[in-house]
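Please read the structure below before turning to the comments.
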Amino acid sequence: MMLDATKKEIQKELLETELEAVGIRLNKQRPNIYFKQKKAGGIKFTATLNLTKCDEKMVQNILHDFKIFNADVIFREDCTCDEFIDVIIGNRVYMSCLYVYNKIDQISMEEVDKLARRPHSIVISCNMKLNMDYFVEELWEHLGLMRVYTKRQGKKPDFEDPLILRGGCTIEHVCHAIHRTIVAQFRYALVWGRSCKFSPQRVGISHTVCNDDVVQIVKK
């Protein structure tokens, strides 16, 4: 989220409020609450720890508001009523967010230091190219991105133009990144890198790749 360091904190609050209203939760984990509707049997409530933000009566009232009268509910962490409502609705999106404060060349060092110390925050100046390298590194890590290099049969790996993929992706994702038709023609892949026990290793389409792996796709 790109923010103006010269403006007040209200800009960030307004953007977060708008995202909250459409079901996007920034820098939050999905509540550890088990919820399942039933056809009969009433509401069965269980908590594996002491609750300080919500209780059984509140849970029942919330469920009744949603016209739910038969359900199993298990609280495995001390969640709020709003978090329980998010679980009931079930369409919330939880994602990480990096707050990037631009124009730090126009504010004092004290203000820059204060912004830089906030959680999930980075300070930069696009105009003066300040802190841009650190911004790229943090963005790369925050998004969980990685590089995967491709190799044609009988040729050297292409280290100039890597595929940029999400962490935890498989050979299938690599195929889609190269061309959407390759999956249908896939036979096997040869992989060099940290995801293999030895290099090269022959792997299937479900093999999980690691950062800086080299992949050669062999088609039928």
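The values are calculated or read from the model by the stated rules, or taken from the named source; none is laboratory data. Everything numeric in this text was worked out from a predicted model, so none of it was measured. These accessible areas exclude ligands, DNA and RNA; they are computed on the full protein's heavy atoms, side chains included. Shrake-Rupley method; radii C 1.70, N 1.55, O 1.52, S 1.80 Å.
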- [ ] Quick one: work out the % antiparallel among DSSP beta bridges in segment 34-172, nearest 5.
- [x] 55 percent
Open item on the list: Give the lysines whose C-alpha is closer than 27 Å to that of Lys7, dropping any in the same chain fewer than 8 places away, or say none.
Closed with: Lys28, Lys103, Lys114, Lys129
Open item on the list: I'd like to check one number: the per residue accessible area of the chain, probe 1.4 Å, reported in Å² as a whole number.
Closed with: 65 Å²
Open item on the list: Please report the carbon-and-sulfur percent of the accessible area for the chain; probe 1.4 Å, protein heavy atoms only, DNA, RNA and ligands left out.
Closed with: 50 percent
- [ ] State whether the chain is rounded, prolate or oblate according to the following rule on the C-alpha gyration tensor (a ≥ b ≥ c being the square roots of its eigenvalues): a/c under 1.5 gives rounded; otherwise a/b larger than b/c gives prolate, and the remaining case gives oblate.
- [x] oblate
Task: Proximal aspartates and glutamates relative to Lys12, as straight alpha-carbon distance under 17 Å, when same-chain residues fewer than 8 apart are discounted - done: Asp4, Glu20, Glu111
TODO: For Val22 and Glu160, calculate 0.36 nm times their separation in residues minus their Cα-Cα distance, and state this gained length in nm to one decimal.
DONE: 45.7 nm
Open item on the list: Students often forget the sequence filter, so: which lysines lie under 29 Å Cα-Cα from Lys39 once same-chain residues fewer than 8 apart are removed?
Closed with: Lys53, Lys57, Lys67
Task: Inter-centroid distance (Cα atoms) of segment 28-69 relative to segment 163-211, Å - done: 42 Å
